[in-house]
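Every read-out reported here was derived from the displayed coordinates using simple, explicitly stated rules and does not represent laboratory data. Treat the numbers as computed from the prediction; the structure is a model and nothing was measured. FYI the Cβ positions are ideal-geometry reconstructions off the backbone, even for glycines, and counts take in every protein chain you see.
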Amino acid sequence: MLKFLDIFFVIFHTTLILFNLFGWIWKPTRKANLITLSLTFLAWFGLGIFYGIGYCPVTDWHWNVLNQLGQTDLPNSYISYLVLRISGIKPNDTIVDVMTMSLFLIAFGSSIFLNIRDMKEKRRMTKNSIKN
């Protein structure tokens with residue numbers, strides 16, 4: 001069961017990260033993307049007040065599984081873990097943290113901008129259809 005959970009968390013967490021980074025691109029997924037980015041932000045900086053800035057419950061749950069599987073000395077960053085797991089190369093933690101935050105902020109900003117634009121467009125179209 002623990003091996004299954006390990007694989008589940010790798011797939012789920014990686015998919016969530018990719019959705020956070022790119023889900024704003026497609027109009028049908030923009031609202032869901034803004035929700036997942038907002039939840040990520042709240043975890044990192046809201047829960048982060050209590051558990052350390054950048055805290056992610058999904059990472060915490062996965063680390064618990066990996067600890068039960070005997071893996072110790074896990075990195076602070078899930079991205080560092082993925083790079084190490086996939087390539088066998090331990091990345092520089094500072095570079096990973098800067099890249100992670102930069103890409104997150106770009107995605108979050110893009111999602112906010114496009115969701116606001118979509119909302120304004122929808123309002124404009126509604127007003128135009130009422131007039132006609």
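So what's the convex hull volume per residue for the Cα atoms of the range 30-105, in Å³? Working shown, then result.
Details: hull volume 8.5 nm³, N = 76.
Residue-normalised Cα hull volume stands at 111 Å³.
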*asked:* From the helices alone, meaning DSSP H stretches of at least four residues, give me the mean residue ellipticity at 222 nm for the chain, per-run term -39500 (n - 2.57), in deg cm²/dmol to the nearest 500.
replied: -24500 deg cm²/dmol
*In degrees, nearest 10, range 0 to 90: what is the angle between the Cα axis of helix 30-41 and the longest Cα principal axis of the chain?*
40 degrees
*Label point 7 Å beyond Cα of LYS27 along Cβ direction - residues of the range 104-128 with amide nitrogen under 17 Å*: 111-128
*Which of ILE49, ASN64, SER111 sits farthest toward the positive end of the charge dipole of the range 2-131, with +1 on the Cβ of Lys and Arg and -1 on the Cβ of Asp and Glu?*
SER111
*Candidates LYS27, LYS90, LYS120, ranked by Gaussian network fluctuation over the chain, Cα under 10 Å, top entry*: LYS120
*Tail beyond 16 Å, pair distance distribution of the range 66-130 (Cα, percent)*: 65 percent
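Write down the Kirkwood hydrodynamic radius of the chain, to one decimal in angstroms, obtained as one divided by the mean of 1/r over all alpha carbon pairs. Intermediate values should be presented prior to the final figure.
On the way: mean 1/r = 0.0601 Å⁻¹.
Taking every pair of different Cα atoms in the chain, averaging 1/r and inverting gives 16.6 Å.
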*Relative to the longest principal axis of the C-alpha atoms of the chain, give the angle of the C-alpha long axis of helix 78-87, reported between 0 and 90° and rounded to the nearest 10°.*
60 degrees
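Treating the beta-carbon of each Lys and Arg as +1 and of each Asp and Glu as -1, no other charges, what is the dipole magnitude of the chain about its Cα centre, to the nearest 20 debye? Provide the component values of the computation, followed by the final result.
Working: 13 positive and 7 negative charges, 233 e Å.
For the chain, the charge dipole is close to 1120 debye.
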